[in-house]
Amino acid sequence: MKFTMILPILSIFALSGCIDPMDLEPPANNSTTNTKITNRVKNSVNIDTIKPTPITITDVNDVDKENKLSQYKAKMKKIALTIKDDTNYRKISFDTKEKKEWFRELTFRLWDKQITQEEFMTEALEKYPTHRYEFDFIIKGFSS
C-alpha cells in the first residue's frame, strides 16, 4: 500500500520541475511583457544572425544509382578488355538499340546480384542459344 502511494507522489515531484511556468502563462497585452519574451527568445537564439540555408534537391537514390552505374561500367570495361585475349569468344551481335539495352540491363542485374548466375544464363540463352560460352565468360568475369 505504501508503495502505491509513493509512486504517484514521486511522479508529481519529478514532473513539476520539467515545466517552465513562464511557458504556461498566456501572453499579456502590454508591450513590456511582449518585449521581455522577445528579448528572452533573442538571447537564446540570435535571430539576427540566422541566414537561410540554400536548398538543394538531391535524391539519394539517384546518387546511389549513379555510383552503381559507374562501378558497373568499370567492371564491364574490365571484362571487355579480357575478351580480346580469348580466341574462343565469339562476338554477340547486338545490332539494335533494344538488344543493346536488353544486354545492358541483364548484365547490370547480374552484377547487382538481382538475379543469380543461373537466371542470367537462362534468360540470355533464350535470346541467343548459340552463345553459351560467351555468357559463361561474362559470368566468370563478374565473379572475379
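The values are calculated or read from the model by the stated rules, or taken from the named source; none is laboratory data. Note that this is a predicted model, so its numbers are computed, not measured. Note that each Cβ is placed from the backbone with ideal geometry, even for glycine, and that neighbours are counted across all protein chains shown.
Examine the range 118-138 for a residue that is of a type in the set (Gly, Ala, Ser), without any contact (Cβ under 8 Å) to a residue 60 or more places away in the chain and surrounded by 12 or more Cβ atoms within 10 Å (Cβ to Cβ), and state whether such a residue exists. Looking through the range 118-138, at least one residue is of a type in the set (Gly, Ala, Ser), without any contact (Cβ under 8 Å) to a residue 60 or more places away in the chain and surrounded by 12 or more Cβ atoms within 10 Å (Cβ to Cβ).
Which pairs do you get when a residue that is among the aliphatic types (A, V, I, L, M), found in the range 53-72, comes within reach of a residue that is modelled with pLDDT of 80 or more, reach meaning Cβ atoms under 9 angstrom, with the pair 6+ apart or on two chains? Listed by first residue and then by second, the contacts come to 69/108.
The residues of the range 109-144 that are over 17 Å from residue 92 (Cα atoms) and assigned to a helix (DSSP H, G or I), listed by number, are 109, 110, 111, 117, 118, 119, 142, 143.
Whenever a residue of the range 75-99 is within 18 Å of residue 123 (Cα to Cα), its partners that are hydroxyl-bearing (Ser, Thr, Tyr) and outside any helix (DSSP H, G or I), lying with C-beta atoms within less than 9 angstrom and at least six residues away or across chains, give the pairs 92/128; 93/128; 99/93.
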